[in-house]
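First the structure, in the form of structure tokens, and then the observations on it.
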Amino acid sequence: MIRLKGLKKTYPRPDGAPLEVLKNVDLEIGKGEYVAIVGPSGSGKSTLMNVLGLLDQTYQGEYLLDDEPVSGLSPAALAKLRNQKIGFVFQQFHLLPRTNAVENVEIPLVYSNASDPEQRAIAALTQVGLGERLKHFPEELSGGQQQRVAIARALVTDPELILADEPTGNLDKASGEDLMNLFQKLNDDGRTIIVITHDENLARRAKRVVRIAEGRLSELQSAS
């Protein structure tokens with residue numbers, strides 16, 4: 001599904017040489033995999049996530065998504081591809097505070113011209129166990145429930161790939177465990193899951209672990 005080859009990413013610095021954040025990254029992720037990309041702060045993992053999520057095109061090297069190159073695509077084409085293929089889950093839930101759960105989940109469907117957006121949003125919320133919280137506003141939901149709304153929003157366009165950036169960062173231990181169980185179920189159902197994290201315990205729940213340090217994939221191993 002994903003193939004990166006010789007990927008490099010640098011940031012210019014006015015007072016010195018450019019800062020190289022990703023260094024000749026090679027990575028392949030097949031359909032249906034559950035992968036954790038693990039690294040400390042400053043390792044390049046968030047930059048790598050932005051590339052994987054088609055949010056950053058300012059890199060050198062090759063990126064193929066479903067065997068198609070994505071480098072050089074127009075912003076409109078990238079936006080369409082993201083909407084069709086990728087569901088994002090972030091540490092911050094990014095829910096609209098004056099909008100209920102169903103309405104928050106409907107938002108991505110605005111850009112896809114989907115029919116029956118409300119029914120699709122209800123189905124996605126039911127899938128993540130919030131069928132009884134459809135009309136609740138974010139302030140009426142726990143942190144774990146808000147993250148489930150965010151996951152339902154990621155699922156509502158039926159993407160092949162879920163890309164999660166530190167998804168348990170704002171959750172307590174029990175809510176984080178519930179979330180990881182949900183990711184496992186989604187993967188069992190055939191979705192590709194990529195989790196970006198610094199949490200080793202979280203990474204162990206994945207079926208494969210990729211470690212990144214100083215912009216290099218320094219280790220590639222099966223999760224125990």
_Just checking, does region 30-49 include any residue being of a type in the set (S, T, N, Q), without any contact (Cβ under 8 Å) to a residue 24 or more places away in the chain and assigned to a loop (DSSP other than H, G, I, E, B)?_
no
*Has region 176-193 got any residue that is crowded, with 21+ Cβ neighbours inside 10 Å and part of a strand (DSSP E or B)?*
yes
*Which one of ILE151, ILE107 is assigned to a helix (DSSP H, G or I), farther than 23 Å from ALA36 by Cα and in contact with a helix residue (DSSP H, G or I) (Cβ under 7 Å, 6 or more places away or on another chain)?*
ILE107
*Would you confirm whether any residue within region 52-70 is at pLDDT below 90 and closer than 22 Å to VAL210 by Cβ?*
no
*asked:* Being at pLDDT 95 or above and either closer than 22 Å to THR47 by Cα or not aliphatic (A, V, I, L, M) (or both) is true for just one of LYS135, LYS173. Which residue is that?
replied: LYS135
_For the list (1) hydroxyl-bearing (Ser, Thr, Tyr); (2) within 14 Å of ILE2 (Cβ to Cβ); (3) without any contact (Cβ under 8 Å) to a residue 40 or more places away in the chain; (4) outside any loop (DSSP other than H, G, I, E, B), I need the number of the one condition that SER71 fails._
(4)
_Lone qualifier among PRO108, PRO97 - being more than 14 Å from LEU186 (Cβ to Cβ), more than 19 Å from the chain's Cα centre (by Cα) and not polar (S, T, N, Q)_ = PRO97
*So is THR157 within 18 Å of ARG191 (Cβ to Cβ), out of contact with any Gly (no Cβ under 6 Å at 6 or more places or on another chain), assigned to a loop (DSSP other than H, G, I, E, B) and among the polar types (S, T, N, Q) or not?*
yes
*Collect the residues in region 77-104 that are of a type in the set (S, T, N, Q), in a loop (DSSP other than H, G, I, E, B) and in contact (Cβ under 8 Å) with a residue 60 or more places away in the chain, keeping them in residue-number order.*
GLN91, GLN92
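A quick yes/no check of all residues on (1) in contact (Cβ under 8 Å) with a residue 40 or more places away in the chain; (2) within 26 Å of LEU81 (Cβ to Cβ):
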| position | (1), (2) |
| --- | --- |
| TYR111 | no, yes |
| PRO117 | no, yes |
| ARG120 | no, yes |
| LEU125 | no, yes |
| VAL128 | yes, yes |
| GLY144 | no, no |
*Hits in region 118-136 (condition: part of a helix (DSSP H, G or I), within 14 Å of ARG153 (Cβ to Cβ) and over 22 Å from the mean Cα position of the chain (by Cα))*: GLU118
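The values are calculated or read from the model by the stated rules, or taken from the named source; none is laboratory data. Small disclaimer: the values here were computed from a predicted structure and weren't measured. Please note: Cβ atoms are built from the backbone with ideal geometry, for glycine as well, and neighbour counts cover all protein chains shown.
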